[in-house]
Amino acid sequence: MRSLYLNFISISFLFVISQMSSADNKIDEVFPPITIIQSRQPLDEYPSQNSDIYNTKKLEAGHERLIDDVLSGEKGISITKPGTQGTGRIYLRGVGGRGLITLDGIPIAEALPNAMNLALLIPDSLGEMEVTRGFSPASRAFSALGGSIRLTSREAIDNSGDVRVEGGTYGFLKETLRTNFASDHARLAVTANRSDTFDGAWQADFRNGNSERDPFHSTQVMFRGDVDITEDILWNGTMSYHKSNHSADAGGLKNGILQHVDDKKSFLVDEGWFAQNTLKAKINETWISRLQLGFTKNDVDVAQSALSPAIKSDFYMARWENDQQIWRDNNNSFNMIWGAEERYETASAPLANREIPPKLTGVTVSQHRHQEAGFLDNRFTYGLFSGDLGIRYESYEQYGNHALLHLGTAWQLSKTLKLTTNAGNGFRMPSYQELLFPVVGNLNLKPESNIGGDLGLEWQALSNLKLNATGFYSRYSDMIVLAYNTKPPCGNVCLTSIDNSIVAGMETGGEITFNPQWRGGFAYTFTDTENLANHKAIPFRPSHVSRIWGEWKSANLPLTLWSEGIYQNQAQQNIANNLPVDANFRINLHANYQVSPELSLYVRGENLTNNTSQMMFSYNQTGAMVFGGIALKLW
């Protein structure tokens with residue numbers, strides 16, 4: 001495929017240029033010291049080889065409302081999100097679904113098939129976000145076939161409290177209260193958020209005569225507790241509750257075409273609970289053990305004039321993980337990570353006949369299933385070479401047994417250049433939302449699986465300039481995709497499987513610091529997808545996504561200006577590739593003024609290019625929006 005040529009050309013170019021830079025004796029540049037991956041400190045997590053870490057500073061850089069705003073345009077990421085609030089789809093290297101996003105190691109439940117309630121993922125409640133592109137080590141679940149987004153809840157580090165209030169376009173109002181309590185051996189962080197869009201944006205395309213506004217309301221509370229029982233035994237627990245109410249529209253006929261139209265009786269209510277407890281223990285100087293228990297409960301109710309679908313699901317998880325250091329000598333080490341995992345889930349939903357218009361049959365489908373897994377992950381560091389080699393064996397009640405392998409390496413070729421490789425295979429069973437949700441779901445979906453890898457370079461070109469490039473390739477079987485199909489039994493967007501497909505491409509990015517006042521960066525992703533049955537592109541996967549950003553801090557005033565431009569080219573919405581999504585380009589600006597150490601004021605403009613290109617057929621896409629807010633430290 002043509003993407004493979006681009007991958008190798010880009011990586012070869014980066015390698016050649018780096019060697020030319022190293023050979024030029026006239027350049028007198030001071031490089032930062034080499035960072036060699038070593039055995040971690042007790043009770044800390046290993047980072048994945050191919051990951052980007054977003055700390056609190058990065059998460060809050062633009063006071064962006066939701067996690068998808070932070071991720072938009074980043075390497076490997078594409079997002080389909082009609083409207084301003086509510087559900088949307090995040091794809092990483094062309095795939096998504098349940099398992100892509102976890103909170104404190106527990107998968108976040110979908111609100112709709114193949115879609116998350118993105119309004120629940122607010123940066124204010126998080127301490128860190130890790131984005132891993134490609135396969136993760138064997139000790140992590142393999143259900144994220146293109147990569148994973150691991151969210152970590154905010155931990156209290158002091159006794160403090162702050163309040164953040166923001167308002168803006170469409171009657172938007174968000175209030176967030178955060179409190180922290182910390183002692184020598186115990187900590188508690190509480191985050192409470194209320195978000196409302198009182199006026200509401202249009203969900204169905206207002207340019208097509210749909211005048212009804214669709215308000216949105218959401219409440220979320222999260223608790224995170226940490227206790228140092230002893231110096232070697234640590235406990236942490238997370239508990240959260242959310243409830244959101246989306247006024248919505250529904251599918252119907254307009255001008256002889258099946259599309260999204262106004263429905264004043266339509267709404268979606270998403271209510272859920274999340275809890276996890278983790279106990280870590282240092283058994284001895286070379287052995288660390290961790291036990292985690294997790295639970296999620298999610299109830300989604302949809303009301304429409306013609307149909308009122310709903311789904312209820314419960315998820316339980318138990319995980320035991322051990323890290324044993326087998327050998328260590330100076331900068332060389334070998335660790336074995338081994339353990340087991342058990343998952344159990346249940347779900348129920350009414351059955352629809354999927355005619356036009358669809359109707360409920362009065363029958364409720366209830367299902368339950370088990371999954372067990374064992375894993376062995378060997379991680380090593382030998383001089384400038386490090387990596388992991390592991391196997392994960394998964395057993396499914398309905399889908400049989402599967403052996404999954406992973407190999408990841410990192411080689412520091414020189415002081416300024418690192419080569420990374422990543423290869424493996426993955427397996428993901430359909431979520432219950434994908435199987436059971438009336439009309440959109442599909443009881444005939446098969447599990448999706450893939451095999452592939454990537455090759456990348458990280459180059460410290462100058463002391464203030466970092467560049468990277470990665471080429472990737474994966475072959476998929478039974479990929480689960482969302483696509484428009486105006487014929488029965490679907491009649492709208494529905495889930496289907498593609499027997500055989502390929503996803504390949506290139507990711508590249510960089511960051512530069514000009515001086516203490518100026519810094520910036522860029523990210524670009526080329527993705528070439530192919531349905532091997534008809535040689536067409538896979539729906540809702542754009543080929544080109546790019547982002548460029550910059551930040552300026554005044555030398556004389558407590559003022560910070562931040563801006564970004566995000567471009568996403570045309571994509572397709574159906575299997576036949578004759579219903580395109582237009583390309584779009586958006587500019588976002590943010591200004592923050594630190595009035596005092598306790599008080600900051602900010603204003604943010606989103607989509608200032610006023611681009612209203614639809615991300616999904618017949619759905620409205622909002623234009624320019626402006627928001628203003630305050631952040632006040634209470635104590």
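The values are calculated or read from the model by the stated rules, or taken from the named source; none is laboratory data. This one's a predicted model, so the numbers in the text were calculated from it and none came from an experiment. Here the Cβ positions follow ideal geometry from the backbone for every residue, glycine too, while neighbour counts run over all protein chains shown. Calculation scope for accessible area: heavy atoms of the full protein, side chains included, ligands and nucleic acids excluded. Shrake-Rupley method; radii C 1.70, N 1.55, O 1.52, S 1.80 Å.
Can you tell me which residue within region 585-619, out of those that are among the β-branched types (Val, Ile, Thr) and closer than 19 Å to residue 81 by Cβ, is modelled with the lowest pLDDT?
First, pick out the residues of region 585-619 that are among the β-branched types (Val, Ile, Thr): 587, 595, 603, 609, 612.
Add one more test, that the residue is closer than 19 Å to residue 81 by Cβ, and what stays is 587, 609, 612.
Working: 587: 96, 609: 94, 612: 86.
In this case the residue turns out to be 612.
I'd like the full set of residues that are within 23 Å of the chain's Cα centre (by Cα) and hydroxyl-bearing (Ser, Thr, Tyr), limited to region 560-612.
563, 567
Can you work out which of the residues in region 203-248 that are among the basic types (Lys, Arg) and at pLDDT 90 or above is least open to solvent (accessible area, probe 1.4 Å)?
In the first step, residues of region 203-248 are kept if they are among the basic types (Lys, Arg); the result is 207, 213, 224, 243.
This time we only want the ones that are at pLDDT 90 or above, so: 224, 243.
Working: 224: 21, 243: 93 Å².
Among those residues, the one meeting the criterion is 224.
Failed condition for residue 127, given (1) out of contact with any strand residue (DSSP E or B) (no Cβ under 6 Å at 6 or more places or on another chain); (2) open to solvent by 10 Å² or more (accessible area, probe 1.4 Å), with all others met?
(1)
So which residues in region 179-202 are surrounded by 15 or more Cβ atoms within 10 Å (Cβ to Cβ) and over 30 Å from residue 265 (Cα atoms)?
179, 180, 181, 182, 187, 188, 189, 190, 191
Restricting the first residue to region 157-180 and requiring it to be under 17 Å from residue 217 (Cβ atoms) and among the β-branched types (Val, Ile, Thr), which pairs with a second residue that is open to solvent by 40 Å² or more (accessible area, probe 1.4 Å) and assigned to a strand (DSSP E or B) meet a Cβ separation below 9 Å and a spacing of at least six or different chains?
From region 157-180, the pairs are 165/173; 165/175; 165/630; 165/632; 169/199; 169/626; 176/165; 176/194.
Filter region 325-361 down to the residues that are under 30 Å from residue 107 (Cβ atoms) and assigned to a loop (DSSP other than H, G, I, E, B), then identify the one that is modelled with the lowest pLDDT.
Among those residues, the one meeting the criterion is 354.
Among the residues of region 262-274, is any within 20 Å of residue 493 (Cβ to Cβ) and open to solvent by 70 Å² or more (accessible area, probe 1.4 Å)?
Step one: filter region 262-274 for residues within 20 Å of residue 493 (Cβ to Cβ), giving 262-263, 266-268, 270.
If we keep only those that are open to solvent by 70 Å² or more (accessible area, probe 1.4 Å) as well, we get 267.
Within region 262-274, one or more residues are within 20 Å of residue 493 (Cβ to Cβ) and open to solvent by 70 Å² or more (accessible area, probe 1.4 Å).
Residue-by-condition table, conditions (1) in contact (Cβ under 8 Å) with a residue 40 or more places away in the chain; (2) under 27 Å from residue 113 (Cα atoms):
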site	(1), (2)
468	yes, no
485	yes, yes
497	yes, yes
503	yes, yes
512	yes, no
528	yes, yes
533	no, yes
554	no, no
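Tell me whether region 156-178 contains one or more residues that are assigned to a loop (DSSP other than H, G, I, E, B) and open to solvent by less than 30 Å² (accessible area, probe 1.4 Å).
Taking region 156-178 first, the residues assigned to a loop (DSSP other than H, G, I, E, B) are 156-159.
Checking the rest, the ones that are also open to solvent by less than 30 Å² (accessible area, probe 1.4 Å) come to 156.
Yes.
Taking the stated definitions as given, is residue 477 open to solvent by 20 Å² or more (accessible area, probe 1.4 Å), small (Gly, Ala, Ser) and either outside any strand (DSSP E or B) or modelled with pLDDT of 95 or more (or both)?
In short, yes.
Among the residues of region 202-236, count how many are under 23 Å from the mean Cα position of the chain (by Cα) and not polar (S, T, N, Q).
6
Going residue by residue through region 188-201, is there one that turns out to be over 24 Å from the mean Cα position of the chain (by Cα) and touching a residue at least 40 places away in the same chain (Cβ under 8 Å)? Don't jump to the end; show me each part of the working.
Narrowing region 188-201 to residues over 24 Å from the mean Cα position of the chain (by Cα): 188, 198-201.
Remaining after also requiring touching a residue at least 40 places away in the same chain (Cβ under 8 Å): 200-201.
Yes - at least one qualifying residue is present in region 188-201.
With the condition kept exactly as written, say whether any residue in region 277-293 is crowded, with 18+ Cβ neighbours inside 10 Å and assigned to a loop (DSSP other than H, G, I, E, B).
So far as region 277-293 goes, no, none of its residues is crowded, with 18+ Cβ neighbours inside 10 Å and assigned to a loop (DSSP other than H, G, I, E, B).
Looking at 347, 310, 318 in this structure, which one is open to solvent by less than 30 Å² (accessible area, probe 1.4 Å) and out of contact with any Pro (no Cβ under 8 Å at 6 or more places or on another chain)? Steps first, please.
On the way: 310 fails: out of contact with any Pro (no Cβ under 8 Å at 6 or more places or on another chain); 318 fails: open to solvent by less than 30 Å² (accessible area, probe 1.4 Å).
Result of the check over 347, 310, 318: 347.
When region 380-400 is examined, which residues are found to be over 18 Å from residue 339 (Cβ atoms), in a strand (DSSP E or B) and open to solvent by 60 Å² or more (accessible area, probe 1.4 Å)?
382, 385
Would you check which residues across region 323-341 are surrounded by 19 or more Cβ atoms within 10 Å (Cβ to Cβ) and closer than 14 Å to residue 382 by Cα and list them?
Correct list: 333, 335.
Within region 77-95, track down each residue that is open to solvent by 10 Å² or more (accessible area, probe 1.4 Å), assigned to a loop (DSSP other than H, G, I, E, B) and at pLDDT 90 or above.
93
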